[in-house]
Amino acid sequence: MFNRKLKPGQKGTKKLMEKYGEKLLNVRYVYNSEKHIMMKTVELLIQQKPWYPNKNKIPYNKKVHLKIEYGEVQLGRLVKAAGGYWNKEEGYWELPYREAVSLGLDNRIMND
């Protein structure tokens, strides 16, 4: 199976442009050689509004620094099991933000 994705105005999109106008974003042709069929799909714009990304949002894959006190052995083991590691020089645990949130440790994230 393979497919071809076309932008409005390219050959193979003219009739769909007439039908959908400015709402047409993409036309995709999907070819299934096993079943000997061709499928045509369209991607349409149904809503457009202003969007302002949250600049304070932390990406889920960003490494964050966690403050875990000396003696909180179980918590350290939990972080290590989630893929975290101890930064000996700086004295904190490092873990991806996604894991820190899933473990409920977002309140222990240190400010840089």
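Could you tell me whether any residue of the range 44-67 is more than 26 Å from the chain's Cα centre (by Cα) and within 30 Å of I109 (Cβ to Cβ)?
If we filter the range 44-67 for residues that are more than 26 Å from the chain's Cα centre (by Cα), which is where we start, we get 67.
Next cut, within 30 Å of I109 (Cβ to Cβ) only: 67.
Yes, there is a match, as at least one residue in the range 44-67 is more than 26 Å from the chain's Cα centre (by Cα) and within 30 Å of I109 (Cβ to Cβ).
Here the strands (runs of 3 or more DSSP E) wholly within the range 20-112 that include at least 3 residues being within 30 Å of F2 (Cα to Cα) are 24-32, 37-44.
Scanning the range 91-108 for residues that are under 14 Å from N61 (Cα atoms) and either touching a Lys or Arg at 6+ places or on another chain (Cβ under 7 Å) or buried (at least 17 other Cβ atoms within 10 Å of the Cβ) (or both) yields E94, L95, P96, Y97, E99, A100. Screening the range 70-90 for residues that are exposed (fewer than 12 other Cβ atoms within 10 Å of the Cβ) and among the small types (G, A, S) and picking the one that is modelled with the lowest pLDDT gives G71. For the criterion of being touching a residue at least 24 places away in the same chain (Cβ under 8 Å), in contact with a Leu (Cβ under 7 Å, 6 or more places away or on another chain) and of a type outside the set (D, E, K, R), V79 passes.
Scan the range 23-43 for residues that are of a type in the set (V, I, T) and either touching a residue at least 12 places away in the same chain (Cβ under 8 Å) or surrounded by 13 or more Cβ atoms within 10 Å (Cβ to Cβ) (or both) and jot them down.
If we filter the range 23-43 for residues that are of a type in the set (V, I, T), which is where we start, we get 27, 30, 37, 41-42.
Correct list: V27, V30, T41, V42.
The values are calculated or read from the model by the stated rules, or taken from the named source; none is laboratory data. Keep in mind the model is a prediction, meaning the values are calculated, not measured. Note that each Cβ is placed from the backbone with ideal geometry, even for glycine, and that neighbours are counted across all protein chains shown.
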